[in-house]
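The values are calculated or read from the model by the stated rules, or taken from the named source; none is laboratory data. Everything quoted here is computed from the prediction, not taken from an experiment. Every residue, glycine among them, receives a Cβ derived from its backbone with ideal geometry; neighbour counts consider all protein chains shown. Only protein heavy atoms, including side chains, enter the accessible area calculation; ligands, DNA and RNA are left aside. Shrake-Rupley method; radii C 1.70, N 1.55, O 1.52, S 1.80 Å.
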Amino acid sequence: MMNVAIIGAAGRMGTRLIHAVCETKGLTLSTAVERDGHPQLGMDAGLIAGAGELGVPLTSDLDAAVAAADVLIDFTFPEVTLNNLAVCARHGKMLVSGSTGFTPEQKHQVEEFAKTIPVVLAPNMSIGVNACFKLLKEAARILGDDFDVEVVELHHNRKKDSPSGTAVRMGEVVAEVLGRDYNQVANYHREGMCGERTHAEIGMQTVRGGDIVGEHTVYFIGMGERIEISHRAMSRDMFARGAARACVWLQGQPPGLYDMQDVLGLS
Ligand code: NAD
């Protein structure tokens, strides 16, 4: 049995992760961690998640949680994740993070921590989206430079980072195949007399509203035809199940930075 601590346990993803960990063979929930001052600290994490009483009270004692766990699952925010990584590195514990919105500098810091402990970091833990990454590579390879590429993503009105980590990864995957530097060609904003679209650019558009779990479409737009590769998430459970699967996969892996392509054997 692997002991799993969930960080951000009372959040939208955290509560689904509690269900996923409880339902996954070989995993047991050892600790549920929330930020200092969270109104539900001390309450049973299973009751908060609607998974029945688990005898695991919500705590803000990160150090004790890491010490008691074999692996940590963190779905929070980049600054929080970096702090969690520092504590995991100190204890020699593995971490699975689904946090999004890392700057290039923050990503570099994650890479440094992953030199000493095994880390899975993936902006999207669903099997479907990871299959899409593969399909996008193939589409970009076939279509080459003849098609304009635009990425459109839709999420709920509480999402803090834009565009989504998944949308950025989709843009990066296509740019890589086309031999372009994503950071140079990504265009996040068009307004007023901004001129014609350049051929190399990859448009990144964001829609926010209501309770949309997450939708992504990559358009390959040519002369007289258009290909759309889309993924729609209907619930958060498949992200949570992917994270639980990543915990099981991490067992016995050497230190390094992995993503869901590694976990699913798609890399
Ligand atoms: P949320 O705001 O509902 O949950 C985040 C939780 O983290 C909150 O409960 C908050 O109190 C807690 N938190 C904040 N600071 C903390 C700290 N210092 N210690 C412990 N807990 C702390 O957000 P969410 O919708 O659950 O999303 C969380 C993250 O997961 C975001 O970055 C989101 O983009 C990402 N996400 C990733 C995937 C994926 O598959 N990789 C899927 C969905 C969401």
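Once the Cα-Cα distance is subtracted from the 0.36 nm per residue extended length, the Ala68 to Gln261 segment shows a gain of 66.6 nm.
When you filter the chymotrypsin sites (Phe, Trp or Tyr not before Pro) in segment 111-190 for DSSP loop state and at most 15 other Cβ atoms inside 10 Å of their Cβ, you are left with Tyr188. Of all stretches in the chain that contain no trypsin sites (Lys or Arg not before Pro) in a DSSP loop with at most 11 other Cβ atoms within 10 Å, the longest one is 26-114. Of the GluC sites (Glu not before Pro) found in segment 140-220, those in coil by DSSP whose Cβ has at most 15 other Cβ atoms within 10 Å are Glu191, Glu196.
Here's how it looks for Ile202: its modeled amide H is under 5 Å from those of Ala186, Asn187, which are all 5 or more places away or on a different chain. Against the longest alpha carbon principal axis of the chain, how many degrees, from 0 to 90 and to the nearest 10, is the axis of helix 165-177 turned? Taking the Cα atoms of the chain, the angle to 165-177 is about 50 degrees.
Note on the chain: helix-only mean residue ellipticity at 222 nm, from DSSP H runs of 4+ residues weighted -39500 (n - 2.57) and normalised by residue number, equals -11000 deg cm²/dmol.
From the phi of every residue in segment 203-220, what ³J(HN,Hα) in whole Hz does the Karplus formula 6.51 cos²θ - 1.76 cosθ + 1.60 yield, where θ is phi - 60° and glycine or proline is x? Each residue of segment 203-220 in turn: x, 10, 10, 10, 10, 10, x, x, 10, 4, 5, x, 9, 9, 9, 10, 9, 10 Hz.
GluC sites (Glu not before Pro), restricted to segment 30-99: which are DSSP loop and have at most 16 other Cβ atoms within 10 Å? Those satisfying the criteria are Glu53. Restricting to segment 14-147, compute how many DSSP beta bridges are antiparallel as a %, nearest 5. Taking every DSSP beta bridge within segment 14-147, about 10 percent pair in antiparallel fashion. For segment 45-66 and segment 113-140, compute the distance between their C-alpha centroids and round to whole Å. The distance from the Cα centre of segment 45-66 to that of segment 113-140 comes to 28 Å. In this Cβ point-charge picture (+1 for Lys and Arg, -1 for Asp and Glu), the chain has a dipole of about 440 debye about its Cα centre.
Positive end of the dipole of the chain (Cβ unit charges, origin at the Cα centre): among Gln40, Leu250, Leu27, the Cα lying farthest that way belongs to Leu27.
Between segment 155-191 and segment 222-239, the alpha-carbon centres lie 15 Å apart. Heavy atoms of the protein chains alone define the surface here; on that basis segment 170-232 has 61 Å² accessible area per residue at 1.4 Å probe size.
Solvent-accessible area of segment 188-262 (1.4 angstrom probe, protein heavy atoms only): carbon and sulfur portion equals 53 percent. Within the same chain, lysines fewer than 8 places from Lys160 are excluded, and of the rest, those with a Cα less than 25 Å from its Cα are Lys107. Helix 237-250 and the long axis of the chain differ in direction by around 70°, with both axes built from C-alpha atoms.
Taken about its Cα centre, segment 118-232 carries a charge dipole of roughly 460 debye when the Cβ of each Lys and Arg holds +1 and the Cβ of each Asp and Glu holds -1.
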